[in-house]
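The values are calculated or read from the model by the stated rules, or taken from the named source; none is laboratory data. As the structure is a computational prediction, the values presented were derived from the model and not from experiment. Don't worry about glycine lacking a Cβ; one is built from the backbone with ideal geometry, like all the others, and counts go over all protein chains shown. For the accessible areas, the whole protein counts, side chains as well, though only heavy atoms, and no ligand, DNA or RNA atoms are used. Shrake-Rupley method; radii C 1.70, N 1.55, O 1.52, S 1.80 Å.
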Amino acid sequence: MTAVTEAPAVTPAPAPTGDARRAVLALARVEARRLLLHPLLLAALAAYLTVLLWPGGEPEDAYPVLQDLDRETQLGQLLLGPVVMIAANLAVLRSHRHGTDGHFAVLVLRPWQRTCAHLLSVLPTVPVTALLVAVQFTAGASQPGAVGHGSVFELLTGPLLVLVSAVLGVLLGRVAGSAFVAPLAAVALLAGIFIFAASPEPGSWLRSVFPVVVDEGRRPLPSDLLGRPAGWHALYLLALSVLAAAGAVLVSGGRTRAVRVTVVASLCVVVAAVVFQGMAPSDAVREAREVATRDPAAVQDCERSGATTYCAFPEFTPWVDEWARVTDKARSLAGGPEATRALTVRQKVAALDGPSGISELSPAAPGELTASTAWGGQRELEFAASVARGLVVGHERYGGAHCDARGVLMVWLAIRATRDGETMFERTGDDYNSPGVIQAPVSAISLRDREYAVVQRLLAEPRSEVDRKVKASWAELSAPGTTTDRAAALLGVTAPAETADDRAWMCA
């Protein structure tokens with residue numbers, strides 16, 4: 001009788017340090033190439049570049065505010081980050097899926113060293129995404145209408161998001177042997193960013209633990225008013241990447257002293273970065289916001305053009321020529337003394353609530369018009385409405401719908417003073433405006449249905465003829481108490497009969 005015995009598996013002796021290092025680097029190069037050529041990543045890059053290079057765009061894109069654009073570059077990384085996480089996770093689990101884990105016992109690399117190779121393989125994705133961010137930001141900054149200053153730390157956030165996502169993919173591959181975990185983690189990450197990280201509380205610590213902090217305010221702020229802890233957030237992402245990498249090596253069996261020290265040190269940095277991100281802005285930033293909101297004249301540069309003085313925050317002065325173009329066009333259409341009346345256009349912000357503030361702009365003093373910190377497209381029509389209100393009624397107080405000739409005159413004037421004004425006015429129902437309503441910087445100019453109908457009929461008439469009639473009848477059209485019927489008669493059109501819906505409006 002013959003006895004059959006099984007020899008125990010022989011654990012290979014550790015390879016010399018130099019050989020192990022060369023083997024780790026060789027494996028890392030192979031995995032890096034496979035990762036960069038992964039179909040998921042190539043598809044995501046193609047989608048990113050398609051959006052980035054797609055011709056056209058909105059009119060607002062020609063006037064980017066760079067302290068907002070640097071954050072917008074992070075949105076594209078929300079597409080690339082989860083994809084890199086899944087691709088890196090699949091690379092780590094490849095041997096498990098193919099049933100070849102046992103064969104690695106005869107190789108010179110131990111499991112933790114193979115984990116190091118996978119961690120090194122994700123590093124090339126960082127310069128690739130950094131290049132995409134640089135191209136996107138440079139394209140925006142090269143626009144003639146670009147204003148403001150970008151932040152290096154905000155621009156680094158996108159590539160660091162991809163790095164931490166890729167490292168988490170490796171960690172999940174070592175902790176869980178299922179390929180379904182990484183996609184679930186990616187979905188959870190995106191859901192958390194758009195639900196919890198969009199919290200309106202600027203100092204909420206919960207926002208700080210997500211790779212991207214969604215911080216969309218109503219209008220851009222001057223860069224010195226932001227007070228965003230972008231540097232601390234970039235450090236947080238870097239430390240989180242190191243912590244996840246050290247954790248992956250640790251669970252793979254690399255329980256060396258250096259790994260343990262790295263875990264503890266990176267965890268301390270992560271906690272410190274979260275704490276500092278959740279702190280309120282400095283006293284200097286809060287004071288600057290207070291001054292900019294309540295007394296903007298103290299920190300603005302002013303220049304005079306004709307009868308109009310334009311005052312703007314220093315970063316936004318390149319837009320003065322755009323404001324002047326609209327103002328001069330509106331003056332050329334006006335009649336009487338208003339055509340040459342002295343006015344001041346003052347830029348305003350509502351910065352007391354920080355970058356995510358939802359406060360409304362306060363009305364300007366009599367003789368002043370308000371310009372916001374956004375320009376292009378509908379923003380141009382809204383500024384023209386502010387100019388028209390200043391020329392017709394002389395103030396920005398809101399008192400309901402304009403149910404008389406002044407409402408017709410203001411809306412007509414705003415449309416005619418704006419490039420593509422008629423097209424944008426027709427599109428107001430598709431935007432956050434609504435038919436017959438123009439959202440001027442401080443308060444909307446609202447028309448009832450019958451005044452709205454009169455404006456539409458005026459726009460259908462020959463421009464030169466309507467322009468002549470407006471100038472000839474300016475004094476009566478801009479006078480309080482002139483009815484809509486009288487305005488229609490002066491301008492050669494008819495006004496529809498007043499309806500029950502019209503009578504239900506509160507009139508200014």
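At a glance:
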read-out	value
Residues satisfying the stated conditions in the stretch 306-334, i.e. surrounded by fewer than 17 Cβ atoms within 10 Å (Cβ to Cβ) and either more than 31 Å from the chain's Cα centre (by Cα) or not in a helix (DSSP H, G or I) (or both)	Gly306, Ala307, Thr309, Asp328, Ser332
Glu461 vs. criteria surrounded by 13 or more Cβ atoms within 10 Å (Cβ to Cβ), touching a residue at least 24 places away in the same chain (Cβ under 8 Å) and more than 40 Å from the chain's Cα centre (by Cα)	yes
Cβ-Cβ under 8 Å pairs, at least 6 apart or on other chains, the stretch 275-294 side under 22 Å from Arg207 (Cα atoms), far side open to solvent by 90 Å² or more (accessible area, probe 1.4 Å) and part of a helix (DSSP H, G or I)	Val275/Trp205; Phe276/Trp232; Gln277/Trp205; Gln277/Trp232; Gly278/Trp205; Ala280/Arg286; Val285/Asp224
All positions within the stretch 281-302 that are surrounded by 13 or more Cβ atoms within 10 Å (Cβ to Cβ) and closer than 24 Å to Arg341 by Cα	Pro296, Gln300, Asp301, Cys302
Among the candidates Ala43, Ala28, Ala47, residue that is touching a Ser or Thr at 6+ places or on another chain (Cβ under 7 Å), farther than 28 Å from Glu380 by Cα and modelled with pLDDT of 90 or more	Ala28
Evaluation of Ala500 against (1) closer than 25 Å to Asp420 by Cβ; (2) open to solvent by 60 Å² or more (accessible area, probe 1.4 Å) (one fails), failing number	(1)
Checking Arg174 against (1) at pLDDT below 90; (2) charged (D, E, K, R); (3) crowded, with 18+ Cβ neighbours inside 10 Å; (4) more than 15 Å from the chain's Cα centre (by Cα), the condition it does not meet	(1)
Selection within the stretch 492-506 - touching an Asp or Glu at 6+ places or on another chain (Cβ under 8 Å) and either of a type in the set (Gly, Ala, Ser) or part of a helix (DSSP H, G or I) (or both)	Gly492, Ala495, Asp501, Asp502
The stretch 122-132 - residue that is of a type in the set (Val, Ile, Thr) and surrounded by fewer than 22 Cβ atoms within 10 Å (Cβ to Cβ) and, of those, farthest from Ala244 (Cα to Cα)	Val128
Selection from the stretch 58-72 of residues that are surrounded by fewer than 20 Cβ atoms within 10 Å (Cβ to Cβ) and either closer than 16 Å to Thr138 by Cβ or in contact with a Phe, Trp or Tyr (Cβ under 6 Å, 6 or more places away or on another chain) (or both)	Asp61, Ala62, Glu72
Test: residue in the stretch 468-477 that is out of contact with any Gly (no Cβ under 6 Å at 6 or more places or on another chain), closer than 30 Å to Gly377 by Cβ, open to solvent by less than 30 Å² (accessible area, probe 1.4 Å) and in a loop (DSSP other than H, G, I, E, B)	no
Residue in the stretch 101-121 that is open to solvent by 40 Å² or more (accessible area, probe 1.4 Å), out of contact with any His (no Cβ under 7 Å at 6 or more places or on another chain), modelled with pLDDT under 90 and β-branched (Val, Ile, Thr) present	yes
Odd one out for Ala440, checked against (1) within 23 Å of Pro296 (Cβ to Cβ); (2) crowded, with 24+ Cβ neighbours inside 10 Å; (3) modelled with pLDDT of 90 or more	(3)
Breaking point among (1) under 34 Å from the mean Cα position of the chain (by Cα); (2) under 19 Å from Ser332 (Cα atoms); (3) not small (Gly, Ala, Ser), for Val437	(2)
Given (1) over 26 Å from the mean Cα position of the chain (by Cα); (2) closer than 27 Å to Arg419 by Cβ; (3) not basic (Lys, Arg), index of the condition Ala298 fails	(2)
Test: residue in the stretch 222-232 that is of a type outside the set (A, V, I, L, M, F, W, C), open to solvent by 60 Å² or more (accessible area, probe 1.4 Å) and more than 22 Å from Leu172 (Cβ to Cβ)	yes
Hits in the stretch 239-280 - residues which are open to solvent by less than 40 Å² (accessible area, probe 1.4 Å), farther than 22 Å from Val175 by Cα and assigned to a loop (DSSP other than H, G, I, E, B)	Gly278
